[in-house]
Every structure is written in structure tokens, then in C-alpha cells.
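S.K.: Starting off with a structure, shown below.
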Amino acid sequence: MSDKYSREDIVNSVPQKGFFGHPKGLFTLFFTEFWERFSYYGMRAILVYYMYYELSQGGLGLDRTVALSIMSIYGSLVYMSGIIGGWLADRVFGTSKAVFYGGILIMLGHIALAIPGSLSLFFVSMVLIVLGTGLLKPNVSSVVGEIYAENDDRRDAGFSIFYMGINLGAFIAPLIVGTVGMDINFHLGFSIAAVGMFLGLVLFLVTKKKNLGLAGTIVHNPLTPAEKSRTIKIFSVAAVVIAAVVVLGLQYGFLTFDSFIAAVGILGILIPTAYFIVMYRSKKTNEVERSRLVAYIPLFIAAVMFWSIQEQGSTILAAYADTRTDLEFAGITISPAWFQSLNPLFIITLAPVFAWLWVKLGTRQPSIPQKFSLGLLFAGLSFLVILLPAYFGGTDALVNPLWLVLSYLIVVLGELCLSPVGLSATTKLAPSAFSAQTMSLWFLSNAAAQAINAQLVKFYTVENEMMYFGIIGGASIALSIILFLAAPAIQRYMKGVR
Ligand code: GLU
Ligand code: ASP
């Protein structure tokens, strides 16, 4: 199937105008991802509270540290499963079907959470959402790349518009799902997340034929019959092994919550390492590409550090908003879930400013490694800022919410230096033979970060909060400085990519 249509045929099948001067397909992708992120971030905005709130408050009554670890592990697995989703799309059923199946699983996952019930339903939902997001997220993003011709200069702008869709969904969700979930009932909140994903699916189904044409329907690198039978064998063996480990682990007590978290932590680091080794040693990778890959490693490590802090915005800082912050502010009672809207709100308002700034600076703008270094600097500062309230007022007094607002603002300054650049740097620095996997490769930096966070959050207590924020923030700033000093060398290894 792969040779039947060329890249050009795919582009020609997509109406090239119709959405703010962009291909019509962008409309479909924008709103599908908008609703998917709406459901994901809406769910996350209340999930952490659902887990640690007492049964009498409608929660599951888990220990708070355990809840924070689960949030991180969950986030890690969601991005890790992108490897499977990307692979299935590339080799088995194409991106469009992957998005559709993914959306269904995600919706079912939210429905499972919407049913008042037990911890087991919660874990069922986690599995569904992890697999569903792995199928949907990397694939919907890669179709964005498919709807533009190779040399179309609207492509970068297209990705920026798409990025706005992500953050618009992430912004509105905590206000709606968060408010309903916290003020009325958690399960009602989760049902709204399910409805959101349902709307996304309907929109995708109804508009895809007209707007996306052939995009997403082609299996780029289909399995040969021999590979197919080998794959089925591998998958069956893996399924049996996993089932055996689970059964034996539960029986003999080695599969505990802690050992599971530790295993995901190890995988979070092992998988990207294996990826790098395979790409580096592949016969399809040439010398220039090898050098670029070497340059990509420090950037990837920086991204892990960055996402570690950014993602703690929905774990540690969410708990901080709930327990350490004075929620009576300017005559209104703030819902702790609303703080989750700040990051995307700042992204939406400041992204155009950054875009303007980079254009204005032209060739004087920071290089890619320097932008990563700036990302880490701001991430570190956002944590140093949030240790100040305890420094000035101790850990007993409730904190003015504006401190949190400031911390979220600062991390976004870093996010805008690192995140949009990160994705395009991955595309440019990964060897071309692996181009189908670049989206999942980039998401692995987030997966690794959250795998590490699942361990890190255990060290947080209100009493040692200054040390916690200080050490992590300090580490990020130290890494930022090292990266800044190494930037010229990294740039040389990038062999002309900028
Ligand atoms: N906030 C971004 C999103 O949900 C983060 C993903 C990433 O790791 O790049 O799309
Ligand atoms: N800024 C995040 C992302 O780009 C969204 C969030 O953390 O709420 O999608």
C-alpha cells in the first residue's frame, strides 16, 4: 500500500484552504485534539483530589503521596504508550484509524471513572486511557505534518495553531470539569470529560473524509507477512509473560505498588536509551545523522528535566493549591482545580509574543540548545519562587494564591522556549529512517520525566518543602548553565541544523 500513493497525492487530496488560510484538514485535527486534551486535562485536574480526598468527601481516600505517585506514573505511561500507538499506525492500520480507536478507548476510560465505584474501576480506566492516548496523541499530531507539501511555508504556523488547540482544550477543561467535579461530584466531572472525547470523536468521523482526504489512511511501512507472524508471536509471548508476572507477582507479593512504580521508573529511562542505541547503530543511519543524534542527547536530557518540573504543576503544585494556599481571594472562593488552567492560559496569551520575538530577533535569536537552556532556567526559577512563601511566612500560614500564579507564569516562559522548538528539533535531528517515530520519541522525554517524578514526589512534605523546591529548582538551573556553556559544541554536532 505504501507505494500506491506518493506524498504529493496525499497533500493533493486535502483541500488546501478553508481554515484560517490553512488546509481544511487542520480544522479536523485541531478540534479532535482540542477535545482529547479537554478530556485529558479536565480529568487530571480533579483526579488527584479524587484519589486523596476522604471517602466522606467522595474521594478514594488514598494516601496523598501515593496519589501523587500514581498521577506521575499515569502521566508517564500515557506518553510511553505513544511508542506502541505510533508503531501500530505506521505498520498496521494507519494514523486515522489509530486516532479513532484511541478516542474510543479514551472515552470508555472516562466513562469508567464516571461510574461511582471502586479502586478497580479506576485502574481499568487508567489502562484504557493510557492505551487510548498512546494511539491518539502522537498520531493526530503527525497527521498535521502530512497535510502540507514538503516545502509549504505554512507548516510551522500550522503546528502553532494546532498547539493553540491543545492549550485551549487544556485551559477550558479545569474550569468546566474542575468546577463540576469539585463542587458537585467527581463522577459528574469525569462524565463531562467523557462527553468531551465523544464530541471530538464525532467531529473527527463526520469531517475526516471531506477534510483529510487520504491523509492518515495510508499504512506507510506495512508489515510483510513474515514480519506479521513474527510480531503476532512476540505479542503473544509478551502477553503471556505479562500475565504470568502479574499473577505470580500478586501471589508471591513482589508486585506491589512500589515495585510497579520502580519498574515504570526503570522503563522510563531504559526505553529512550534503547531507542538511541538502536538509532545510532542502525545501518540506515549515516555519519551526519549520527553526529546529530549525539547532539540530540543533551537536549533530550534537558527536556526530561524541564518536563519533570512542568508536570509537577499538576501533582505537587495541585496539592499545594489545595492544602497550602488561601483559596479565599478578592471576595471569591477559588477552586484548587482552576490553577490547572493557568499554564495553558499563559501559553495561549504568550505564544504569539514569543513567536513575534523570535521573528524580530531573526538571526540573533538564541540557538536551539540555548533555547533549551533558557527553558531550564525558567523551570528552575519557577520552583525557587514557590519556596519563598515558606521562607517568608513559614509552612503553617496559608499562602497568597498569587505566588502560585507567578510560579505557573515563569514555567510557561520556559515552556515556550523549549516545547515548540523541542518537537521540531526532534524531527530535524532524528535519523530519517526513524522519522515515523519522532513524535513518540519526543513524548518519551515527558514519559521519562514523569517516571522520575513518581519517585521524586515521595520526598515532598510540607515541612521540607523549601528544600524540595530548592534542590530541584537548583538542579535545573545548574543544568541550564552547563547546557548554555556546551551550546556551541552541541551546535557543531548538529551539522547545520538550526
Ligand atoms: N502539554 C503538552 C501536551 O499536552 C505536553 C506534551 C509534551 O510532552 O510535549 O500536548
Ligand atoms: N502546556 C501544556 C501543553 O502544551 C498543557 C498543560 O500543561 O495544561 O499541552
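The values are calculated or read from the model by the stated rules, or taken from the named source; none is laboratory data. Keep in mind the model is a prediction, meaning the values are calculated, not measured. Glycine also receives a Cβ, built like all others from the backbone with ideal geometry; neighbour counts cover every protein chain displayed.
S.K.: Return the total of residues in the stretch 149-168 being of a type in the set (Lys, Arg) and within 16 Å of ligand 2 (Cβ to nearest atom).
M.R.: 0
S.K.: Considering only residues that are under 23 Å from residue 261 (Cα atoms) and assigned to a helix (DSSP H, G or I), which ones fall in the stretch 458-474?
M.R.: 458, 459, 465, 468, 469, 471, 472
S.K.: Tell me, please, whether a residue that is over 24 Å from residue 148 (Cα atoms) and aromatic (Phe, Trp, Tyr) can be found in the stretch 94-114.
M.R.: Yes, the stretch 94-114 has at least one match.
S.K.: Looking at this structure, is residue 158 farther than 19 Å from residue 354 by Cβ, crowded, with 20+ Cβ neighbours inside 10 Å and small (Gly, Ala, Ser)?
M.R.: no
S.K.: Do you know which of the residues in the stretch 36-75 that are touching a Gly at 6+ places or on another chain (Cβ under 6 Å) and under 21 Å from residue 320 (Cβ atoms) is nearest to ligand 2 (Cβ to nearest atom)?
M.R.: In this case the residue turns out to be 45.
S.K.: Looking only at the stretch 161-207, filter to residues that are more than 26 Å from residue 17 (Cβ to Cβ) and among the polar types (S, T, N, Q); which one of those is surrounded by the most Cβ atoms within 10 Å (Cβ to Cβ)? Can you show your working first?
M.R.: Applying the first criterion (more than 26 Å from residue 17 (Cβ to Cβ)) to the stretch 161-207 yields 170-198.
Retained after the next criterion (residues that are among the polar types (S, T, N, Q)): 179, 185, 191.
On the way: 179: 17, 185: 14, 191: 19.
Step by step, filter the stretch 161-207, then rank; the result is 191.
S.K.: Here's a check for you: in the stretch 422-476, which residue that is under 17 Å from residue 411 (Cβ atoms) and within 12 Å of the chain's Cα centre (by Cα) is nearest to ligand 2 (Cβ to nearest atom)?
M.R.: 446
Okay, residues lined up against (1) more than 16 Å from ligand 2 (Cβ to nearest atom); (2) closer than 15 Å to residue 35 by Cα; (3) part of a helix (DSSP H, G or I):
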position	(1), (2), (3)
170	no, yes, yes
173	no, yes, yes
182	yes, no, yes
194	yes, yes, yes
206	yes, yes, yes
211	yes, no, yes
214	yes, no, no
220	yes, no, no
230	yes, no, yes
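S.K.: Keeping to the stretch 314-340, report how many residues are surrounded by fewer than 20 Cβ atoms within 10 Å (Cβ to Cβ) and not acidic (Asp, Glu).
M.R.: The total comes to 9.
S.K.: Additional query: I'd like the residue in the stretch 323-367 that is more than 16 Å from residue 42 (Cα to Cα), of a type in the set (S, T, N, Q) and in contact (Cβ under 8 Å) with a residue 60 or more places away in the chain and, out of all such residues, is nearest to ligand 1 (Cβ to nearest atom).
M.R.: Selected residue: 367.
S.K.: Can I ask one more? State which residue pairs qualify: first residue farther than 30 Å from residue 283 by Cβ and in a loop (DSSP other than H, G, I, E, B) and inside the stretch 430-457, second residue within 16 Å of ligand 2 (Cβ to nearest atom) and at pLDDT 95 or above in any location, beta carbons under 6 Å apart, and separation of 6 or more residues or different chains.
M.R.: none
S.K.: If a residue must be surrounded by 12 or more Cβ atoms within 10 Å (Cβ to Cβ) and outside any helix (DSSP H, G or I), how many such residues does the stretch 232-258 contain?
M.R.: Here the count works out to 1.
S.K.: Shifting gears a bit: Given the conditions (1) more than 24 Å from residue 419 (Cα to Cα); (2) of a type outside the set (Ser, Thr, Tyr); (3) in contact (Cβ under 8 Å) with a residue 24 or more places away in the chain, and given that residue 295 satisfies all but one, which numbered condition is not satisfied?
M.R.: (1)
S.K.: Does any residue of the stretch 332-345 turn out to be part of a loop (DSSP other than H, G, I, E, B) and hydrophobic (A, V, I, L, M, F, W, C)?
M.R.: yes
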